[in-house]
Amino acid sequence: ERVEELISEIKNINDEMAAVQHAKENLASKLEIVESERDECLNEAEAAIDDKEKMMAEIEVMETKYAKEIESLTHQFSDATLQITELTSQLSDVSTEKKELETKTESISS
């Protein structure tokens, strides 16, 4: 009878060990899935960071380009303003000369 009890206990222990082994295999499988998903998330995060860095670099290039264009347009506007001032002065001079000529013409005619 004691032998039968020992055999029964051994069977129970073997069954428990099989259940533990099965649980261990399930956990290992789940761990693999979790690690795979983690790696995917890390790869996606790294790709997003790379994309952000590329976009920031592109924005910086565009900002520099537009700043140069604005500076160029500002100089052009300044030059145009000076030309307008000069032309206005010349127009005033021509207008004054015209009046002087008209006055001289009138005095000669008289």
Over all Cα pairs of the stretch 1-104, how is the pair count split among 5 Å bins, expressed in % and running from 0 up to the last occupied bin? 3, 9, 6, 7, 5, 6, 5, 4, 6, 4, 5, 4, 4, 4, 4, 3, 3, 3, 3, 2, 2, 2, 2, 2, 1, 1, 1, 1, 0, 0, 0
Just tell me which lysines come within less than 30 Å, Cα to Cα, of residue 54; anything on the same chain fewer than 8 places away is out. 65, 68
Rounded to the nearest 10 Å², what accessible area does residue 5 have for a 1.4 Å probe in the complete protein model? 80 Å²
Please label the shape of the stretch 1-45 as rounded, prolate or oblate, based on the square roots a ≥ b ≥ c of the eigenvalues of the alpha-carbon gyration tensor (a/c under 1.5 means rounded; beyond that, a/b larger than b/c means prolate, else oblate). prolate
Per the helix-only calculation at 222 nm, which mean residue ellipticity applies to the chain, given -39500 (n - 2.57) for every DSSP H run of n ≥ 4 and division by its residues, nearest 500 deg cm²/dmol? -38000 deg cm²/dmol
Charge dipole of the chain built from unit charges on the beta carbon (Lys, Arg +1; Asp, Glu -1), centred at mean Cα; most positive-end Cα among 27, 73, 109 is 109
Only Lys, Arg (+1) and Asp, Glu (-1) charged, at Cβ; the chain dipole about Cα centre in debye: 780 debye
What is the helix-to-structure angle for 2-109, meaning the angle in degrees between its Cα long axis and the longest Cα principal axis of the chain, kept from 0 to 90 and rounded to the nearest 10? 0 degrees
Measuring from label point to label point, each 7 Å out along Cα→Cβ, what is the residue 52 to residue 19 span in nm? 4.9 nm
Dipole in debye (nearest 20) - the stretch 59-100, about Cα centre, beta carbon charges: Lys, Arg +1; Asp, Glu -1: 120 debye
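The values are calculated or read from the model by the stated rules, or taken from the named source; none is laboratory data. Here the structure is a predicted model, which is why all the values come from computation and not from measurement. Cβ atoms come from the backbone with ideal geometry, glycine included; neighbour counts cover every protein chain shown. With ligands, DNA and RNA removed, areas are computed over all heavy atoms of the protein, side chains included. Shrake-Rupley method; radii C 1.70, N 1.55, O 1.52, S 1.80 Å.
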